[in-house]
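Here the structure comes first, spelled out in structure tokens, and everything after it is commentary.
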């Protein structure tokens, strides 16, 4: 009787640590979130640090100042002591991101919404561009401490810093957009160290939401299907993507979305990688998909245009040498997937 060779788990097409917002290893300390006394003790500790976010922008330490170029020099998060003077007098509801334990002495890492501060230099209303290029400086913080749009800096953060931003931004924006109980309509309150909202009227508990999204490398031979939305920067084309619906598998969502947006039939589907995407709180499932036909018919409500691009042409676009196509920006899973495809790390459908 012949011995059976044990099956081996395949290596990931794209390692987790290569993807922005993924690969964080912080201890999220769920075990202490319900212990308000212990959480407060960590907050009051002199070693504790807090990350303020102003209108969704994390505080960064950026000596050279943001200039919009990609890629740029690395930046770090602007962690502040929890008793920093700029926090005095503000009604803060800290979110416990987790614990830092570099030398065997755990210390808390928190995030707070700092939007109560009014920056006189900031324009009213939301930014008019796809990414907000402005930097906001608080007069009582060092000059190199700036609030920067996450999209402007995401590719320049370390793995752990990016993961902390994804958690902080996702949870804080959920609190801002969900102040009322979805069951009875009463105002709810933050609890569980920021990871839950409780309704004092009906007792319902609500948890931060994460919206699943499929994003697809749709290939046919040596070509990939890309599209663009009207609101995107000029020339930018990216992979097709869409929100999953209840009752769908990843494979079913990929097939439905590609059919809806470009009327291309999809056969086989393979999972590639995932990425937390805190705009405001999505989880991107990167997939490779086999196109069964190639006649594109776009839905103008979904896409402005779509086209097939040869692998060599996409390689030029990723290198910034294409005269027309600007690929997905640095830090987005679409770019990681496209780079892996042109490098041969994502196998073709044989």
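The values are calculated or read from the model by the stated rules, or taken from the named source; none is laboratory data. For clarity, every value in this text was computed on a predicted model and none was experimentally measured. Here Cβ is always computed from backbone atoms with ideal geometry, including for glycine, and neighbour counts include all displayed protein chains.
Scan the stretch 163-178 and tell me whether some residue there is assigned by the TED database to the domain that holds residue 108, over 30 Å from residue 75 (Cα atoms) and in contact with a strand residue (DSSP E or B) (Cβ under 7 Å, 6 or more places away or on another chain). Working first, answer last.
Initially, the stretch 163-178 is screened for residues assigned by the TED database to the domain that holds residue 108, giving 163-178.
In the following step, the residues that additionally are over 30 Å from residue 75 (Cα atoms) were identified as 178.
If we keep only those that are in contact with a strand residue (DSSP E or B) (Cβ under 7 Å, 6 or more places away or on another chain) too, we end up with 178.
Yes - at least one qualifying residue is present in the stretch 163-178.
Within the group 190, 154, which residue is outside the structural domain of residue 332 (by the TED database), surrounded by 20 or more Cβ atoms within 10 Å (Cβ to Cβ) and in contact with a helix residue (DSSP H, G or I) (Cβ under 7 Å, 6 or more places away or on another chain)? So that I can check it myself, show each step before the final result.
On the way: 190 fails: surrounded by 20 or more Cβ atoms within 10 Å (Cβ to Cβ).
Being outside the structural domain of residue 332 (by the TED database), surrounded by 20 or more Cβ atoms within 10 Å (Cβ to Cβ) and in contact with a helix residue (DSSP H, G or I) (Cβ under 7 Å, 6 or more places away or on another chain) holds for just one of 190, 154, which is 154.
State yes or no: is residue 331 in contact with a helix residue (DSSP H, G or I) (Cβ under 7 Å, 6 or more places away or on another chain) and at positive phi?
Yes, satisfied.
Taking the stretch 171-199 on its own, how many of its residues are assigned to a helix (DSSP H, G or I) and either farther than 21 Å from residue 31 by Cα or under 18 Å from the mean Cα position of the chain (by Cα) (or both)? So that I can check it myself, show each step before the final result.
Keep residues of the stretch 171-199 that are assigned to a helix (DSSP H, G or I), which gives 171-177, 192-194.
If we keep only those that are either farther than 21 Å from residue 31 by Cα or under 18 Å from the mean Cα position of the chain (by Cα) (or both) too, we end up with 171-177.
Of the residues in the stretch 171-199, 7 are assigned to a helix (DSSP H, G or I) and either farther than 21 Å from residue 31 by Cα or under 18 Å from the mean Cα position of the chain (by Cα) (or both).
Identify the single condition in (1) buried (at least 22 other Cβ atoms within 10 Å of the Cβ); (2) assigned to a strand (DSSP E or B) that residue 162 does not satisfy, given that it satisfies every other one.
(2)
I need the full set of residues from the stretch 244-269 which are in contact (Cβ under 8 Å) with a residue 40 or more places away in the chain and within 16 Å of residue 297 (Cβ to Cβ), in order please.
257, 258, 260, 261, 262, 264, 266
Condition check: under 22 Å from residue 274 (Cα atoms), free of Cβ contacts under 8 Å to residues at least 24 places away in the same chain and within 23 Å of the chain's Cα centre (by Cα). Does residue 343 satisfy that? Please lay out each step first, then the result.
Working: under 22 Å from residue 274 (Cα atoms): yes; free of Cβ contacts under 8 Å to residues at least 24 places away in the same chain: yes; within 23 Å of the chain's Cα centre (by Cα): no.
When the stated conditions are applied, residue 343 does not pass them.
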